Structure formats: structure tokens, C-alpha cells
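Asker: Dropping the structure in here first, questions after.
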Amino acid sequence: MVDKIIDWCQKNKFFVIYIYIFLVLWSVWTLKRLPIDAIPDLSDVQVIIYVSYEGKSPTTVELQATYPIVSSLLSAPKVKTVRGYSFFGFALIFVIFEDGVDIYWARSRILEYLQGIELPEGVQIMLGPDATGVGWGFQYALSDKKGKCDLACLRSLNDWYIRYVLRSVPGVAEVESVGGFVKQYQVLLDPLKLKAYDIPVEEIISAIRKSNLEVGGRLIEISGAEFFVRGSGFIKSKEDIEKIQIRTKDGTPIFLKDIADITLGGDIRRGAAELNGEGETVGGVVVVRYGENLFKVVRDVKKKLREIKSFLPDGVEIVTTYDRSDLIQRSIDNLKRKITEECVVVLAVSLIFLFNFSAGMVVVVALPVSVLLALMSMYYLKITSNIMSLAGIALAIGTMVDAMIIMIENSLKKLENEDEKKIREKREREKIISEGMKEVARSLLFSMLVITVSFLPIFFLSAQEGRLFKPLAWTKTLSMFFAILVSMTLTPSLATLLIRKKPIHEEKNPIFKITTGIYHHLLGLVIRWRNIVLPLVAVSIIFSFLLFRKLGREFMPQLNEGTILYMPTTLPGISITEATKLLQIQDRILKSFPEVLTVFGKVGRAETSTDPAPLSMIETTIILKPEKDWPCRVEKKYSFAPELIRPILKKIFGECRRWSWEELVDAMDKEMQFPGVANAWTMPIKNRIDMITTGIKTPLGIKIFGPELKVIEKIGVDIERELMKLPETRSVYAERVIDGYYADITVKKEIAERYGFKIGDVYEIVETAIGGKNISFSVEGRERYPIQVRFARDFREDIESLKNLLIPTPSGYFIPLGEIAEITLSRGPSTIKTEKGYPTGWVYIDISGIDIGRYVDKAKKVIAESVQIPPGYWIEWSGQYEYMERVKETLKFVIPLTLAIIFSLIYLNTKSLVKTLIVILSVPFSIVGAILILYILGYNISTAVWVGLIALAGLDAETGVVMLLFLDLAYEDAKRKGILKTDDDLKEVIFYGAVKRLRPKLMTVLTAIIGLLPIMIGEEPGSDVGKRIVAPMIGGLITSFILELLIYPTIFYTWKKREIKKPQE
């Protein structure tokens, strides 16, 4: 079948070339429309439910709203977990679905279940945006350099103008504000005046609502024209509220200003924002809709901001505080550059080793065509162009040319041995080229299939690791598929068209004169001393497995986003005023680092359901300058060099170097040591993903489950105390779940009933007069501001004031609140978290100088020995450790499956168990180099490393097949000619198959290794993951190639020697 394809393509070469020209043009068209992103969307399918229960404590919200909803949704189809957060006055419920669920199907299922839940009056439910926290693609702050616009003014500007302009951008799910003050009309009642005028609070509320109306009176006709009848009575200013008439007494109107102070103030706020340590500001968060092209959406948002710039008040500027499109652009540019470098290097190697310009041009044309076809397939499979998908192509480039190189090289070898006159004849030349390609095509097809199929087990990965690596597996598989297609169709067509002369003999290439001479000598020594060499190889393989046990374990290396997210947690009970002061001090210190461009701090939560942060949580986004602008920090001593050479090295390579990312974070951490503050350092995208998947914001976390919050807190504090003793713990913080301060008002039922009160009457007064209630809104053009009624501060600022607070009785006279109610201070939860239907408390752990696997092993031992966990309570390790354990279980199935697939394909090709086992030996050969290079570079075993090892297994099989192919071809050719009679004849045949056919084998491995090297160079975004994939591949290829060159022929000689002895006997 393969032979017929090659023959047909040779005969119809112009038609084949025309088809590929059309496909290339088509690919270029799709390339311009291919969506781009930094990394694949790793977030789970999630539906957020926002529950409003205004004025209620977290305990009340949990018992009456959160728990009924969570318990009902646990049984919803395809739900993986339900996580609830109960706050003061509201709750957020995160419903995480299984992989592959359509987000809009999930939202409709949630709506169905919510309809069947009975909840108390006053509970309002709404679904959050069709987005997740990962959709926080752009953030900005409003800065007023001239001081003309205060925080309330900036907040109004953002809430009522900028926000709606940005919401109109296609792909934006929501735009919400953080920080500043929401303007509020506050009606501060004086209970003494209410008593004097005998006016209850309910009458005031009713009067305000009736004075804030607008009605329509249909139409009237005047002089042949229609006039719309309207009654306009909306409140538009403070004066309008002051002039509201409450009642008339003895013909004298009583206005609201007579019994209350009307002021403009700020609504209660649960979040604040700060910029560069210069003071409070107002920020905005643009949340991109799930599944949208984030790069395009953010680009359109920035374009819209430029358009409205001229309409902003004088002195107000919009400062970008986070822009993920910048990371996306840098990441994609880096990968494109790496792919281009790989292509150039691989093509250069091909030209140098083939020593034939015409043959080299076949590879020069065929490789870019294969890459373009792979990119085109990404467009139609809806795979975004991101770090991982492009990395798949980058990994494949070195091996995509293997079949092309070997087919062309084998044809050149045959042309070298033919007469010049014969080559000049077109038909004879094409026949020789065709025979050379067909001779190796079948084995090459199988070896390329091995590389392609070896990546199929990656598709078994699930959850976050599956979403991360499946795009890489897709593009790697597609690249190899198109490489096979191009090798079997376009390569024969181009070779027939371009190769017209007898090539220069391989032995005239100076590179091969040296390499073949060295190789011939080494191979002779190994065959002679094979009884010593083979056991040494076995020992090296055993040693590598022992070395493997010393490597650390982690889920994934950090993807350096170029942006730092500082997420400290304060001790419980901090007020918004104190939290804002702390935030400004922290931001000022961080901004003082010369590596920092901007610092945008947020304490508490933004007004979006995608942000469940409590007031004790600070999130500071630190945008760094380009690394080239960082100052030199560490002196280069060059201690490895002699004293005389060091000055020369300093002049060439510099006297100092910049800090690494880890060193910068460590320096910041030392400066950010505040009493009662536990630091945590991460990056924005990673943090959002972790918060969605597990809720844990640090690399490691422990979740404590049980019925009683007090016991959960005690267990958490005990764990915190013990883990802090470990030197590898950078910070550890156990949530104080009982961290709120309560003023409890308990009605004395018997006394209250004597005055005619019902419990509900008293609590309604407490809710309205003390807590304050937004009873209406002013209408000021596009703007809407709440009108709140409550007692003045003097009457509710402490316990004694509350006890003496006068409240009206049903009989019409006033009594102190303390007469009918007991008022005490107590402690309780400010936030209640639930997961799987159980209350839970979390311990956040940040580590340094150790891998996650070893740390957890040590921590588990410490906790088991020192922390007592009562019956009915249990702990679960979360964060990256949770992912790591899941991957470990998957790989137990995936790795054997990979080897089984490779073994089956090789056996189908060789149809010999012995040959298959010889080829499979390349896998343990490569393990030696892979583990050694990981140990030298200090890399931990991670999912990225395992992906590299899986890819390496396919490459090993391919190089093994190629090595065995030429040994087998030489052996069968000698056997056919009848010249294989003695042991020396066998050696001669092996030397020919190994040494004389070194060029294709050397080119195959060198193109693979050199093609991977650009990924190992540089510190650009995505390079951390790429290096972990590539490092074991490079190390494994080097050792497997060396051992294949020396050990394969030795094993082949030992095996075939028996076959020669049998006929002689």
C-alpha cells in the first residue's frame, strides 16, 4: 500500500504539489483567525449561586439559606462537589461539575433544582455570571491626580458609566467595582424627637416611599396634539428628602428634617482597593465569559477604554492594574520564536549532513508545510493557540523530519552507488529514488506511528492535568500525522522534481570522516569486551532507578506568569478601616522594589459573585517590569575559574546578575513580615484555578471536616502550631472559624409580652433602626442611590446606648430596649464554609526549599504524632497534593498502556519477538539519561516530566527501529548474496549496517535533540513547564542513542552469531 502511494505521487508530482499549495494557502487563512490564549482554560465547569439575605448573620444565612440549597444540589446530575460560603447578609455557593459538561446545561439544571427549594421570606437567589474566577482577564483602577473627584465620585463614575460601556463589549460576562464608597442618602433618626412627636419608624418609611414615585396618566389631546400625562416625584437630592412631610400636627406640617439628620454618606462596604501605596482608589474587574477568546475580548476592552478616555472628568485617569493579554502575547511570541528557531536549526542540520542542496530543499519545503497543516487542524478542532498547544508542535518538529530525512538519505545512498549516465536518465533516476524510499518507508511508517500513538495515553488524563496537556497531545499527534502524510506524498514528489544529479559521496563529507572513524573503533572495542560492557549497562540502569527515588515530587512546576499575586491573611475580626491602612503600608513597601512596575491591592471582595474573599483576605497584584530593566543584585564570583581568568569572565559575562523570580519573592517576603499576618505568594491565573478547583489559595492546604466549628478551629490551630516547627514551612495559617464579634440581642419574652410586643416586632425594630435598611432609591438620571433609615450613631455606638435606645410600644409610648431585651457580647463565625454538606475549616500552607511530596510525607507524620483528631472529624490534604495523587493513580494505568501500545506496534512491524525486545531495550537505555539530567538540573517528578517520559518512550522506539532497520537490511542483503559464512563476515556486515549507515541514524537523533534545545533556553512565560517536558527527552535521547549505537550491534552480533554457527555445525 505504501509503495503504491509513493509510486503514484511520483507519477503525479505536479498534481500533488498543486494540492499542497492550495492547503498551504488555506492554512495561512486559518492561521490569521486562530484564537490565542496564554494557557488552556483549566477551570472546572462551575455555576455560582448568589444568595442575598440582607442583614442576617453568617449563622442565620448558613442554617436558613445555604444549607437547604447545598443539601439539595448534592444530588444534582454530574455534580462533582458543592462548596458554600456564608457571609454577613449573603452567601456564595459554588457548584463544580464533572469534565465535559456544557456550562449552559449545568446552569439550567441548577435552576430546576432551585425552584423546588423552600426558603424563608427575604431570601433572594440569582445565578452568577456565566464565567469563573479565571475569567478575571483585565483589571483597572481610577486615579484622580488633581484631587477633584473623591472616592464616592470615582465609584459613581465606574458604576454608572464606565461599567456599562465595557459590558457592551462582546464576550464580557460582567464588569464589577471594588473599593471606594457607594453614595448613600442616610436618614439618621433621633428617637427622642420621635418620642416627642409620637411618630413610629414605620410611618417615616412609608412617607419616604410615597414621596419617591412617578406615575403615568395616559394621554390627553390639546389642539390636535397628544400630550403624555405624568406625575413626576422622584427623589433627586438631599433637599428633596428633607422636605418630605411626615404628618400635620395642629395645622403645622412636620418635615423629615425636623426629626432626623439627612446626610450623604457611604453604604456599608466589604472591600477596598489601593494603588501603589498612594492611597485608596476605585478599581474595576472585567470578567470574560466562559469559553470566549480572552485575548480578543481584552483587546476590545482596551480599545473601548481608549475611546471613552476623552469623556472622563478632568484629572481622572484609567490605570491598567492587570492585563492578561500581555501575558498571552508574550507567551505566544516566545513559542512562535522557539518553533521558528527549531525549524531553522533542524533544516540547517539536514543540509549539513545530507551534503546535498537539492535534497535539503525537500526538507526545507516539507517541514513548514507539515507545521502549517497542523496549525490549520487546530482551527477546525477549536484548539486555541496557547503555550501547551504550540508546545506540542515544538516537541514534534525534531521528529517530524525523521521520515523525510531517512527516505531522502536512503535514495541518495543508492544514487551514490549508481553510474552517472544512468542517473541522467529521468526514468532510471526516478526508479532509483523510488526504490530507496520504498525500502525504508514501511518501517518508517510504523516508527512514526509509534511516536504518534505513544501520546494517546495523555488523553486519559482528567481534570486540570487533562485540560492542560490534552491540547499538547492533540497538536503533537496531529503534527506527526501530517508529517507522515507529507513524508509519504509530498516528499517523493519533491525529491523526484529536485534531485537530478549524482550526489557527492557520503565519505567525502568531512563530518562523517571523523565520526565514522571514531564510531568504528568504539564499536569494535565494545563487541570485543561485550561480556564486561553489557553487565555495566545493566548496572547503570539499576543505578538510575535508585537515583529516581531521590527525586522530589510535585504536581506541576509553576507557570511563571510574570506577575506576582501576594495573598496574606490577617487575624480575624479586622475592620475595614484597619485593613485599608495595612493594605496601603504593604503596597508602599512592595512598590519600593525597583523590579516592580505597579502594585494594586484589594482587601475583602469585589462586587462580583466570582470573588468569595472575606475581609481578612488581601489580594495584591504586583506587575513586574520587563526582566531586562531589573537591576543587578547578585555578584558573579566565578569561583570555579582560576583567579587570573575571573576578570576576563566578568567583562564577558558581567559582574553581577539579576534576581530570579524565587529570589525576588523571598526578598519581598522578608520585608512583608507583619504581626498577625500570614503571607502567601502565588500568581493570578494559578490562584484563580486553585480557588475554583479546591478553594485553597496556597500550593498546599488541609481541609478539616466535622460537625462543630469550635472543634474544627482547635484542630486547625494545633496543626498550624506543629507545622510551623518544620523548617521548610514558609508560612502556615489555620482559619479562625470563630473569628467574628457579635452583639446578641435576646428578647425577654414574658416582659415583652406585657408591653404587647411580639418577638418579630422587636427584631424588626432592631433590623431597621439599629442595622439600617435601604428602603428606596433616588433616581438621578442614569444613577441610582440607596436611601437608608436608621437611628443616629449616638444612640447605637455601644452596648449602653443600645440598652437605652427608646422604642415605641404598640400602646404608643416609648421604653428603653434594655427593658425587654438582654444585650451581650459574644464570639461567632464571620464566615462559614461548607463542602460536601459538612462544615469545614482550612489550613493554608506555603513551603520553600522542598518538593510537595516530601513535605506532605513529613507533615503527615508530624500531625499523626502531635495532633489529636476527635471521632467524627477528619482531615483531607488539598491544593496541588490533591492533583498529584490523582495523577499518580492515572499514571499507574497510563504508563503500562503506553508501553503495551509501543510493543504491539513494533511487533506488527518486525513480526519477531526477539527484534521487538531489542527495540524495547531503548526504553531502559533512555531512562538512564532522563533520570540523570533531572537529578543534575534539580527538577522534581511532576506531570510535565511524566509527559516528557511518555514522549521519550515513543522517540526511543523510533530510534531503535531505525537502528535495527539498517542492521537488518545489511544482514539480509549479505545473506541474500551468500557472503555471510564466518564470524568475521558477520562483523563486517554489522559494521556496515552500523558504521556505514551512521548518517541517517545520527541525523534522526540530532534533529530531535537540537530541535528540543531552544525550549531549554530562556526564562519566558511557559518555559518552566516546557523545560520539564523537554529535559528528560534530551537526556534520554542522548544515552539511548549512545547505547543503541554501541549495544544494539553487540546484542545483534550475539544473536546472529548463533544462526551462523548452526549451519556450520
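Asker: Pull up the cross-link candidates among the aspartates and glutamates for residue 803, meaning alpha carbon to alpha carbon under 14 Å and not fewer than 8 places away within one chain.
Answerer: Those aspartates and glutamates meeting the cut-off are 744, 794, 819, 822.
Asker: Separate question: Using only Cα atoms, locate the centre of the stretch 991-1016 and the centre of the stretch 686-721, then give the distance between them in Å, rounded to an integer.
Answerer: 51 Å
Asker: What are the ³J(HN,Hα) couplings of the stretch 304-321, residue after residue, when phi is run through the Karplus curve with 6.51, -1.76, 1.60 and θ = phi - 60°? Round to Hz, x for glycine and proline.
Answerer: These are the phi-based 3J(HN,Hα) values: 5, 5, 5, 5, 8, 4, 6, 8, 6, x, 4, x, 8, 10, 9, 9, 6, 10 Hz.
Asker: Additional query: Using a 7 Å offset from the Cα along the Cα-to-Cβ direction at both residue 876 and residue 238, what is the distance between the two label points in nm, to one decimal?
Answerer: It is 5.3 nm.
Asker: Which distance in Å, rounded to a whole number, links the C-alpha centroids of the stretch 240-273 and the stretch 151-187?
Answerer: 25 Å
Asker: Please list, by residue number, every one of the trypsin sites (Lys or Arg not before Pro) in the stretch 516-564 that is coil in DSSP and has at most 14 other beta-carbon atoms within 10 Å.
Answerer: Listed in order of number, the matching sites are 549, 550.
Asker: How about the stretch 189-240: which trypsin sites (Lys or Arg not before Pro) there lie in a loop by DSSP and see at most 16 other Cβ atoms within 10 Å?
Answerer: 236
Asker: Oh, and also: Relative to the longest principal axis of the chain, what angle (0 to 90°, nearest 10) does the C-alpha long axis of helix 998-1016 take?
Answerer: Computed tilt is about 20 degrees.
Asker: Based on the alpha-carbon set only, what is the convex hull volume of the chain divided per residue, in Å³?
Answerer: About 240 Å³ per residue, rounded to a whole number.
Asker: Give the share of C-alpha pairs in each 10 angstrom bin for the stretch 181-252, from 0 to the last occupied bin, in whole percents, shortest bins first.
Answerer: Computed distribution, short to long bins: 15, 35, 26, 15, 7, 2.
Asker: Once you place label points 7 Å from the Cα toward the Cβ at residue 307 and residue 864, how far apart are they in nm?
Answerer: 6.3 nm
Asker: At most 15 other Cβ atoms within 10 Å and a DSSP loop assignment: could you name the GluC sites (Glu not before Pro) in the stretch 704-791 that fit?
Answerer: 708, 728
Asker: In addition: Return, in residue-number order, each cysteine of the chain whose C-beta is not under 4.7 Å from any other cysteine's C-beta.
Answerer: 9, 343
Asker: Please list, in order along the stretch 202-215, the HN-Hα scalar couplings obtained from phi with the Karplus expression 6.51 cos²θ - 1.76 cosθ + 1.60 (θ = phi - 60°), rounded to whole Hz, x for Gly and Pro.
Answerer: Each residue's phi maps through the Karplus curve to give 4, 5, 5, 4, 4, 5, 5, 5, 6, 8, 10, 10, 9, 10 Hz.
Asker: For residue 655 paired with residue 230, estimate the spin-label separation in nm (one decimal), with each label point 7 Å from Cα along the Cα-to-Cβ line.
Answerer: Calculated label separation equals 7.5 nm.
Asker: Relative to the Cα centre, what is the charge dipole magnitude of the chain, using +1 at the beta carbon of each Lys and Arg, -1 at the beta carbon of each Asp and Glu, and rounding to the nearest 20 debye?
Answerer: Rounded to the nearest 20 debye, it is 4520 debye.
Asker: If the chain between residue 571 and residue 888 were fully stretched, how many nm would it gain, using 0.36 nm times the residue separation less the Cα-Cα distance?
Answerer: Stretched fully, the residue 571-residue 888 segment lengthens by 110.5 nm.
Asker: With 10 angstrom as the radius, rank 83, 782 by how many other C-beta atoms surround their C-beta, starting from the fewest.
Answerer: 782, 83
Asker: Right, something else. With contacts defined as alpha carbon pairs under 8 Å and 6 or more residues apart, what's the relative contact order of the chain in percent?
Answerer: It rounds to 17 percent for the chain.
Asker: Something else: Can you list residues from other chains, or at least 5 along the same chain, whose modelled amide H is less than 5 Å from the amide H of residue 39?
Answerer: 387
Asker: Could you please report the charge total around residue 273, scoring K, R as +1 and D, E as -1 over all other residues with beta-carbon less than 13 angstrom from its beta-carbon?
Answerer: For residues surrounding residue 273, the net value is -3.
Asker: Now, a different point. In whole angstrom, note down how far apart the Cα centers of the stretch 836-885 and the stretch 556-578 are.
Answerer: The distance from the Cα centre of the stretch 836-885 to that of the stretch 556-578 comes to 20 Å.
Asker: Filter 602/625; 303/470; 78/550; 697/1027; 686/888 down to the pairs with a C-alpha to C-alpha distance above 28 Å, please.
Answerer: Listed pairs above 28 Å: 303/470; 78/550.
Asker: Work out from phi, with θ = phi - 60° and the Karplus expression 6.51 cos²θ - 1.76 cosθ + 1.60, the ³J(HN,Hα) of each residue of the stretch 878-891, listed in order in whole Hz, and give x for Gly and Pro.
Answerer: Couplings: 10, x, 5, 4, 4, 5, 4, 5, 5, 5, 4, 5, 5, 5 Hz.
Asker: Tally the DSSP beta bridges in the chain and give the antiparallel ones as a percent, rounded to 5.
Answerer: 95 percent
Asker: Please list, in chain and number order, the residues 5+ apart from residue 246 or on another chain whose amide H is under 5 Å from its amide H, with Hs placed from the backbone.
Answerer: Here 254, 255, 256 satisfy the definition.
Asker: Once you list every other residue whose beta carbon is under 13 Å from the beta carbon of residue 688, what net charge do they have if Lys and Arg are +1 and Asp and Glu are -1?
Answerer: Every neighbour counted, the sum reads -3.
Asker: Relative contact order for the stretch 727-862: what is it in percent, counting Cα pairs under 8 Å that are at least 6 residues apart?
Answerer: Across the stretch 727-862, relative contact order equals 39 percent.
Asker: In what sequence do 592, 811, 922, 660 fall when counting other Cβ within 10 Å, fewest first?
Answerer: 811, 592, 660, 922
Coordinate-derived values only; no laboratory data. Source: prediction; values computed, not measured. Neighbour counts are summed over all protein chains in view; Cβ atoms, including those assigned to glycine, are modelled from backbone coordinates with ideal geometry.
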